[in-house]
Amino acid sequence: MKVRRPFAAALLLAGAVLALTADERVYGLMADGRTMLRTAVSIATLGEIGIARGSAVDVARPGGDAVSRYGMGASLVLVVPALLAPGFEKAFGTGTSQTLFVLTQILFVLLAALAAGLLARAWGAPERAVAGAALATALSSPLWAYVALDFSEPLQAALAGGAFAAAAWSAAGDARARRALVRAALAGFLAGFALLTKSLLVLLFPAVLAALALASSEGRPRRLLAACAGFAPPAALWLAFEVVRFGRPFASYGGERFDHPFFDGLWRLLAGANKGLVFYFPLVLLSAWGAYGLVKARRAAALPAFAFAAALLFSAAAWWAWDGTFGWGPRLLLPAIPLLAAAAAVAPAPRALFAALLAAGVAVNGLAAFQPSTLTTWTFATLAPRPVAPAEAALYPDFALHRAADGTASLYPQYFASREAALAPIPLAGRLLAARLSGRGAAGIDAALWKGEPAPAFGVVAAVPASSLVHLTAPFRWPRLGMSLSRRKNEADWSLAYVEALLDQALRAQDMGRADRALDFGERLFAALPNPETATVLAEGYRLARRPETLEAFAATIRRKGMEPEFAVVLALAARDAGDTASASARMGEAAERSGHADLKALAAAPPASWPATLRLIQAAAGRMPS
């Protein structure tokens, strides 16, 4: 049957598939994404950008809080669902705003697919190939897996693809027309917002300018000026955020360098068993063919897009974390996917070959839709850190290393996993999904890992952590957009991203000594999710706000349900505040006995006047501060 509008049909099909395979349970489980969402909630609730301390990669500020080191673009976009989340959760229940955040990711992937199709059309592809470019981007590339993840790569891909598509169409038709200037300005704006999303994407704007300059000599100065005008506002906002947060631009990744052996990173990113692009996006094999055809046809305006893709590849190959550490496939290359898909679409390849490679990509990336990569990479926690010599340790930032008391360093497994073929994510994800479908629980997961004979070169030192095992052994549910609307409260394998961001703001307020805010966020948090952790946060809010009667009344209700040791620590601090040192020591001793923590035992034996001022300071001193 002939489809009258194949491009539109492809986008509708892609949207339907993404919506019907989006796993809302795992959105908000990765540290990078949590930081971006926490920042968005800070903006939405307070008009600020501060977040709580606790992560190894956030940037601490003198006032007691921290800021994200990541680009602000994703956080600014996430402000929209963050503003909608309170009303949505009030109407449909705690945790249901997962749907809003995952919907945002789906829209980014669809925008990237739209950009790929428009770019392929601008490069002369027929309509069926244009539709193929859209499907390749949305369903045959790793971007499919990212609708359930909280990374910013779908947004980056949409911006990069959109910038080149707008530049290509700016030169279509009358280059002097107002429409051409608007499109050029849009290309510049998208490139500027990409910079705001990730500082490395400063590479995008020169490439977009080159594409505009090479497209046509007619109206060239006006197009370039329009692009610069579009680029200026988001670029200025990027610079302001850089200076406010870090004091200068390009300073947020201190201690991290482009010092990985280039050719090692290059071949691993292209064809390596763990992160090779050819495995996660098989159509890349046609991208080079399409690029060659465009060069042969003297479409010089297409060259900057391939130069940008090459720049991403070369920079990632030399980056110390060339593999992106977490995420599905070669994460750092994903902004180039729309460009590569468009190039594959214009390749003069047999239709059957394109279809076969498209299907192969759908199979690989569909696997990650049903077995999210977050869960796959969590299994690396069972591995032993790998000892490294001082010279090699110097190549890594401190947060990637475990340092023993004698000063020797070991590399955490997530930072060497991508160099071990036995840890290749595609087969591992398949085994984990099969184990989950089998219903064998922890035994099935254990059998799916790498504990057979002969023993692997890396050491296996631990069982899968209980917090991860909850997700890995959960009964299979068909993932879909809106699945959080029917979540049962007793289902533990769920991220509650918005609630977690409220918790972050409550802890931030405690660290800053803002008792009013600590109490406000604590009450919101406990109302949304009453559990031992949120009860402790609210209790500390009552204590900081100097409301001892309310705290004691609240403690009476909590005692009947079972009090966590750290709640008892709050009561000990409250007794110390009131000058009742005997009760303070007794309550701290109760907390120490119930928890078994050595630091609490030491505090119970010490004079209450010598204790840290807050629960968070006690946790930080003991290394128990949540991240």
- Hits in the stretch 555-581 (condition: surrounded by fewer than 17 Cβ atoms within 10 Å (Cβ to Cβ), touching a helix residue (DSSP H, G or I) at 6+ places or on another chain (Cβ under 8 Å) and part of a helix (DSSP H, G or I)): Asp577, Thr581
- Note on the structure: By residue number, the members of the stretch 115-129 that are in contact with a Phe, Trp or Tyr (Cβ under 9 Å, 6 or more places away or on another chain), hydrophobic (A, V, I, L, M, F, W, C) and either surrounded by fewer than 24 Cβ atoms within 10 Å (Cβ to Cβ) or more than 16 Å from Ala158 (Cα to Cα) (or both) are Leu118, Ala122, Ala129
- Do we find a residue being of a type in the set (D, E, K, R), modelled with pLDDT under 95, more than 24 Å from Thr96 (Cα to Cα) and not in a helix (DSSP H, G or I) anywhere in the stretch 32-49? no
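Inspect all residues belonging to the stretch 587-596 and state whether any of them is more than 35 Å from the chain's Cα centre (by Cα) and touching a residue at least 40 places away in the same chain (Cβ under 8 Å). So that I can check it myself, show each step before the final result.
Quick first cut of the stretch 587-596, residues more than 35 Å from the chain's Cα centre (by Cα) only: 587-594.
Subset that is touching a residue at least 40 places away in the same chain (Cβ under 8 Å): none.
Checked against the condition, which is being more than 35 Å from the chain's Cα centre (by Cα) and touching a residue at least 40 places away in the same chain (Cβ under 8 Å), the stretch 587-596 yields no hits at all.
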- Matching helices (runs of 4 or more DSSP H) fully within the stretch 485-553 where at least 1 residues are within 21 Å of Arg34 (Cβ to Cβ) and small (Gly, Ala, Ser): 497-512, 515-528
- Query: With respect to the numbered conditions (1) surrounded by fewer than 17 Cβ atoms within 10 Å (Cβ to Cβ); (2) more than 21 Å from the chain's Cα centre (by Cα), which one is the sole condition not fulfilled by Ala60?
  - Reply: (2)
- Of the residues Ser75, Ser140, Ser97, Ser170, which single one is under 14 Å from the mean Cα position of the chain (by Cα), crowded, with 24+ Cβ neighbours inside 10 Å and of a type in the set (S, T, N, Q)? Ser75
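Where residues in the stretch 400-423 are surrounded by fewer than 13 Cβ atoms within 10 Å (Cβ to Cβ) and under 27 Å from the mean Cα position of the chain (by Cα), which of them is farthest from Glu256 (Cα to Cα)?
Keep residues of the stretch 400-423 that are surrounded by fewer than 13 Cβ atoms within 10 Å (Cβ to Cβ), which gives 403-407, 421.
Subset that is under 27 Å from the mean Cα position of the chain (by Cα): 403, 421.
Numbers: Arg403: 18, Ala421: 25 Å.
Looking at the filtered set, the residue picked out is Ala421.
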- Message: Need pairs with beta-carbon distance below 8 Å; first residue at positive phi and within the stretch 36-61, second part of a loop (DSSP other than H, G, I, E, B) and surrounded by fewer than 21 Cβ atoms within 10 Å (Cβ to Cβ); sequence gap 6+ or separate chains.
- Response: Gly54/Met625; Gly54/Pro626; Gly54/Ser627
- Query: Exactly one of (1) assigned to a helix (DSSP H, G or I); (2) closer than 28 Å to Leu239 by Cα; (3) among the β-branched types (Val, Ile, Thr) is unmet by Val57. Its number?
  - Reply: (1)
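The values are calculated or read from the model by the stated rules, or taken from the named source; none is laboratory data. These numbers were taken from a predicted model, which means no experiment stands behind them. As a convention, Cβ positions derive from the backbone with ideal geometry for all residues, glycine included, and neighbour counts pool all protein chains shown.
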